[in-house]
Amino acid sequence: MLAVFAVKVNTDTNNPADVVTLDSIKINNLRNILNDMVTLSHSTEEREQEQVIVDENGNKTTETVMVTVLIIEFEHLSAEDITVQYRFSHSQKQQMRELLRPEYVELWESLLGDIPTLINYLG
């Protein structure tokens, strides 16, 4: 997502900007990219579940209870998919691929913390 942000903001033909500093406009751009790339949805489902009940005397009984299960679905576009959605030029796609090269994993990790799957997620 950050590679997409870097290329999108830095190569904006109407208002190119650095990506080293953040202001409210860039934060809003970052938030919009996140919303474009990630979809979260949820639902609930009622299920029967066996539950062991222990009374005050230590006697165990099993009864069936209904539980509500929260199901959260997370879907995301790959960096390549978002380049199509944003209609990135060939040059922009090349810039993003460069930022996502394996030799930059350590750079991303130093900026973002210990995220070993960052490149796999973004790519």
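The values are calculated or read from the model by the stated rules, or taken from the named source; none is laboratory data. A quick note: this is a predicted structure, and the numbers were derived from the prediction, not measured. Using ideal geometry, Cβ is built from the backbone for each residue, glycine included, and neighbour counts are taken over all protein chains shown.
Each row is one residue, and each column tells you yes or no for (1) surrounded by fewer than 10 Cβ atoms within 10 Å (Cβ to Cβ); (2) over 21 Å from the mean Cα position of the chain (by Cα).
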| position | (1), (2) |
| --- | --- |
| LEU30 | no, no |
| ILE33 | no, no |
| THR44 | yes, yes |
| ILE71 | yes, no |
| ARG101 | no, no |
| LEU112 | no, no |
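Take the conditions (1) over 22 Å from LEU111 (Cα atoms); (2) part of a loop (DSSP other than H, G, I, E, B); VAL20 misses just one of them, which is (1). In this structure, PHE5 does not satisfy being in a loop (DSSP other than H, G, I, E, B) and either surrounded by 10 or more Cβ atoms within 10 Å (Cβ to Cβ) or at pLDDT 90 or above (or both). Among the residues of segment 27-43, those that are of a type in the set (Val, Ile, Thr) and more than 21 Å from ASP12 (Cβ to Cβ) comprise VAL38, THR39. Checking ASN57, ASN29, ASN14 one by one, the residue that is modelled with pLDDT under 90 and more than 22 Å from LEU111 (Cα to Cα) is ASN14 and no other. Scanning segment 43-78 for residues that are under 30 Å from ILE33 (Cα atoms) and not in a strand (DSSP E or B) yields LEU77, SER78. Annotation: GLU63 fulfils all but one of (1) of a type outside the set (Val, Ile, Thr); (2) surrounded by fewer than 10 Cβ atoms within 10 Å (Cβ to Cβ); (3) under 19 Å from LEU111 (Cα atoms); the unmet one is (3).
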